[in-house]
Amino acid sequence: MTPKPISSKVPSLGAQASRAVLWNVLFVPLRMLAEVIQTLVKLTILAPVSYGILSLIGSTTSALGTWIDLGTGRALPKFIPETIRSGGPHAVRRLLLAALGAQTALLLVVAVAMVALRDSYLSYLAGKVAQADTNAVGQAQLLAFIGRFGPLVIGAILAVLLCGIFYDVLMAYLSSFFKQRAWNSITLAAQLMPPILTAAVILAGWDIAGVLAVMVFVQVVSVALVVWQVLRHRRESAGLPQPTDDGRWLPEGFTRYCGVSFLMTATDFLASAGFVAFFAADALDIAILFAGVNIVRVILAYLYTPMVGVQVPLFTRVRQGEGGTLLGAYQSLVRLQVLLLLPGGVGLLLLAEPIFGLLRPEYIAAAPLVWVLVPCLFLESLLTTAHNALIVYERLRVIIISRLLTLICVPLVVVLLPALGIVGAALAFGLARVLAGVWATGSGYRLLGLRWPWRWTLRVALASAVMAALVAMLGAFLPPADPSAHGLARLWMVLPLAAIAGAGSIVFLATLRLLGGVDPQDRRQIEQLRLPLKRWLLRLL
C-alpha cells in the first residue's frame, strides 16, 4: 500500500518550534523518571569499584566517539534544513551517507588499534581496581573478570561506537525537522531500557558483564527505532515540492563547519568528567566523581529538556527569515532557562547531602562535588544559548577561541587534583566550561546584539532566595539515613525529599507571582505556544 503523503503546506516556524517544545515538555516526567531510576540503580546496587570501572569504560567510549564523530553531530542539525531547501531529499540522503561513510572508516582504524593494544588497556583497568581501598572480595572478582573476559570489554566498546555512529547521525535528522515526538519517544525507550535491564542482570548476579551486555543491546534497539522513524518521515515527505537537486555530496561550507564542530566536541570532552577521570588515583575515586557529576546532570538534563533539539534549528530558521528576530528568540530561550535552572540549582545545592544519603555511605563524599558543579554547569548551560546563536551565524573565529579556552582544564586538573583531590578535578572542568561560556556570551553581545534579560533574572533570583530559606529549614528536619541499610532499602528517604522539593516549588511560584510574574511580552509568547495546561500556567505565573 502506497503511503499517504502529508500536506504540501509547510507549518510556520512558530508552529514547528511550539510543537517541538510541546513534545519535549510532555515527555519530561517520563524521561526524568527513567534517568533517575537508571542512576539510582547503578549507584545503589553496583559496588562502587564496579561503577568506577564502568564509568572509565564509558569515558573510553566517549573519547573514541569524539574523534570518530568528526564534528558531524553538531553540524548536521544546521545543514540538513539548508540542504532540504536547496537540493531536496536526495541531497539530504547523500549528506547522511557521506557522514556515515567517513565515520565508519574511522571506526575501522580504531578497531584495529584497540585489538592491537588490548593487553595494555586491560592492564590499565586492572591497575585502577587494584589500587582502590575497597572490599577485597569484590575487588578480586572484578580483577578476575577483567583478566578472563577482556575481549568482551573491547567488543562492547566497539559495538557501542558502531551503533553510536548511526544513532547520532539519524537523530540529528529527526531533530532538524522538529520531530520531537519521535525524538523523545526514541530517547525515552533508550532511557527506560537500561534501568530495567540493568537491575535485572545485576540481581541475577551478572554484575559488570551484564551491564556491558545491556549497553550493547540498548544501542542496537535504539538504532533500529531511529532508522524506522527516519524511513517513515522520508515516506511521508514524498508529496512535498522538490527543489532542483544540484548533485553535490556536501553543501558549501560543511567541511569547514565540521572542523569547527570537531574542535567544539573535542574540547567539550576535555572539559568533562570523562577526561579528568583518567587522572583519578583509582576506581573508587572515579566512582565518587561520576556519582556527583551524574546527580547534577540528571537534574540539569531534566530542567533543560524543553530546549532539547530546539535552539539550533530555531536560530537557523530565524536567520533564513522565516519569522521572529534573533534578539527575541535569544531572550525567550534565556528567560525560560533562568526560570527552570536557577531555582532548580538552588534546591539541588541545599539537598545534595540528603540525596547521597539515599545511596551508599561511600558516596557521601560526592556532596562537595555537587556544591562545585551546580554553579559551574548550570551557569554554563545558560551561557550556551549565545554560543548556539554564534554557531548558526557562523562566527567561527569566536567559536574557536571559546573552545580553545576550555583547554585550561588540562593544566587546572594537573594543579587542582593533587591539592583538592577529586573535588579539584571537578572544579577544573567546571571552571573551564564557565570561562568558555562567558567569552561566547560577551561576543554575542558585541557581534549579534544579544542582551541578557536582567530584570527577569533578578525577579527569579529573589523568588529562589525565598524558596531556599524554606528548603533549608525543612531540610534540617530530615532524619539521617540508616547506615545499616543497603541497596534499594535506603531509597525510602526519597519521599520526604520529594515533599520538600514540592513545597519549595510552590513557594517559588507564589513568590514569583507576587513579584510581578512574567513580563507582558513573555505572556504573549506563551499564549502563542501549544502547551498543555497553558491557561493554568499563565494564571500561575
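Please list, ordered by first then second residue, the pairs with beta carbon atoms under 6 Å, 6 or more apart or interchain, first in region 278-292 and under 12 Å from Tyr124 (Cα atoms), second assigned to a loop (DSSP other than H, G, I, E, B) and among the polar types (S, T, N, Q).
Going by the 6 Å Cβ cut-off, the qualifying pairs are Asp282/Gln131.
So in region 85-115, with the set limited to residues that are part of a helix (DSSP H, G or I) and touching a Pro at 6+ places or on another chain (Cβ under 8 Å), which one is most open to solvent (accessible area, probe 1.4 Å)?
Checked region 85-115; the qualifying residue most open to solvent (accessible area, probe 1.4 Å) is Arg85.
Can you pull out every residue in region 295-322 that is at pLDDT 85 or above and open to solvent by 30 Å² or more (accessible area, probe 1.4 Å)?
Correct list: Arg297, Ile299.
Any idea which residue in region 191-221 is farthest from Ala47 (Cα to Cα), counting only those that are of a type in the set (Gly, Ala, Ser) and open to solvent by 40 Å² or more (accessible area, probe 1.4 Å)?
Checking each candidate, the answer is Ala213.
Say whether the condition of being open to solvent by 40 Å² or more (accessible area, probe 1.4 Å), in a helix (DSSP H, G or I) and either at pLDDT 70 or above or within 30 Å of Leu203 (Cα to Cα) (or both) is met by at least one residue in region 477-489.
Yes, region 477-489 has at least one match.
Looking at (1) out of contact with any Gly (no Cβ under 9 Å at 6 or more places or on another chain); (2) at pLDDT 85 or above; (3) of a type outside the set (A, V, I, L, M, F, W, C); (4) farther than 28 Å from Val226 by Cβ, which is the one condition that is false for Gln139?
Looking at each condition in turn, Gln139 falls short on (2).
Is it the case, given these coordinates, that Ser402 is open to solvent by less than 30 Å² (accessible area, probe 1.4 Å), under 23 Å from the mean Cα position of the chain (by Cα) and over 26 Å from Val36 (Cβ atoms)? Explain how you work it out, then say what you get.
Values: open to solvent by less than 30 Å² (accessible area, probe 1.4 Å): yes; under 23 Å from the mean Cα position of the chain (by Cα): yes; over 26 Å from Val36 (Cβ atoms): yes.
Spelling it out, Ser402 is indeed open to solvent by less than 30 Å² (accessible area, probe 1.4 Å), under 23 Å from the mean Cα position of the chain (by Cα) and over 26 Å from Val36 (Cβ atoms).
Restricting to region 244-294, name every residue that is among the acidic types (Asp, Glu) and at pLDDT 85 or above.
Across region 244-294, the qualifying residues are Asp268, Asp282, Asp285.
If the Cβ limit is 6 Å and pairs must be 6+ apart or interchain, which residue in region 58-73 that is on the phi < 0 side of the Ramachandran plot pairs with which residue that is among the charged types (D, E, K, R)?
The qualifying pairs are Gly73/Asp168.
Mind counting the residues in region 345-374 that are open to solvent by 20 Å² or more (accessible area, probe 1.4 Å) and small (Gly, Ala, Ser)?
Number satisfying all stated conditions: 1.
Output the qualifying pairs, or none if there are none: Cβ atoms under 8 angstrom, residues six or more apart or on different chains, first residue in region 208-219 and under 13 Å from Tyr167 (Cβ atoms), second residue hydroxyl-bearing (Ser, Thr, Tyr).
Partner pairs satisfying both residue conditions: Gln219/Tyr167.
If you take the residues of region 417-438 that are free of Cβ contacts under 8 Å to residues at least 40 places away in the same chain and among the hydrophobic types (A, V, I, L, M, F, W, C), which of them is surrounded by the fewest Cβ atoms within 10 Å (Cβ to Cβ)?
Ala419
With respect to Tyr363, determine if the residue is part of a helix (DSSP H, G or I), modelled with pLDDT of 85 or more and among the hydroxyl-bearing types (Ser, Thr, Tyr).
When the stated conditions are applied, Tyr363 passes them.
The values are calculated or read from the model by the stated rules, or taken from the named source; none is laboratory data. Note that the structure is a prediction, hence the values are computed from the model and not measured. Every residue, glycine as well, gets a Cβ built from its backbone with ideal geometry; the counts of neighbours run over all protein chains shown. Surface areas here come from the heavy atoms of the whole protein model, side chains and all, with no ligands, DNA or RNA. Shrake-Rupley method; radii C 1.70, N 1.55, O 1.52, S 1.80 Å.
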